[in-house]
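S.K.: One structure coming up, written as structure tokens, with questions to follow.
The values are calculated or read from the model by the stated rules, or taken from the named source; none is laboratory data. Note that the structure is predicted; figures quoted are calculated from it, not measured. Backbone-built Cβ (ideal geometry, glycine too); neighbour counts: all protein chains shown.
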Amino acid sequence: MCAVLLMLLLAFAVPVLADDSRRRNVDVDAVIPVPPYEHDRLHYFDGRPHHLVPGTVSINRSPYVCDIDRDRFRNRDDFIAHLRRAHHMAPEDIPPRLVVQDGQVHFLDQ
């Protein structure tokens with residue numbers, strides 16, 4: 001009887017011990033973006049965002065691009081300063097001329 005019980009325990013223990021996936025660290029190869037749920041989105045009471053230029057994320061390239069001068073900027077403040085100084089843009093005129101494409105904010109000549 002003890003031998004049968006021991007054989008049963010051994011039969012169940014071998015597959016568990018053979019599965020070492022629980023002990024392995026798994027590297028993440030891809031991150032899949034998920035659309036936000038309604039409660040995760042930002043809402044503005046007046047219907048307009050309160051940032052002059054939207055924030056962005058880009059990898060291995062500048063997040064802000066002036067397509068008129070072909071200048072690229074890593075910093076949002078430098079980008080705004082360029083638009084104000086070089087193109088004489090008033091703050092309220094900047095947002096309608098921006099396009100976010102492939103993780104970059106582009107200033108277009110419209």
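S.K.: For residues that are at pLDDT below 85 and among the polar types (S, T, N, Q), scanning just the stretch 54-72, find the one that is nearest to Asp109 (Cα to Cα).
M.R.: The qualifying residue nearest to Asp109 (Cα to Cα) is Thr56.
S.K.: Checking Val34 against (1) in contact with a Ser or Thr (Cβ under 8 Å, 6 or more places away or on another chain); (2) at pLDDT below 85, which single condition isn't satisfied?
M.R.: So the condition that Val34 fails would be (1).
S.K.: I've got another one for you. Restricting attention to the stretch 73-84, and to residues there that are surrounded by 16 or more Cβ atoms within 10 Å (Cβ to Cβ) and part of a helix (DSSP H, G or I), which single residue is modelled with the lowest pLDDT?
M.R.: Once the filter is applied, the top-ranked residue is Arg76.
S.K.: If you don't mind, another one. Are there any pairs with C-beta distances below 9 angstrom linking a residue in the stretch 85-108 that is surrounded by 15 or more Cβ atoms within 10 Å (Cβ to Cβ) to a residue that is part of a strand (DSSP E or B) and basic (Lys, Arg), with the two at least 6 apart or on different chains, and if so which?
M.R.: Qualifying pairs under 9 Å: Gln104/Arg72.
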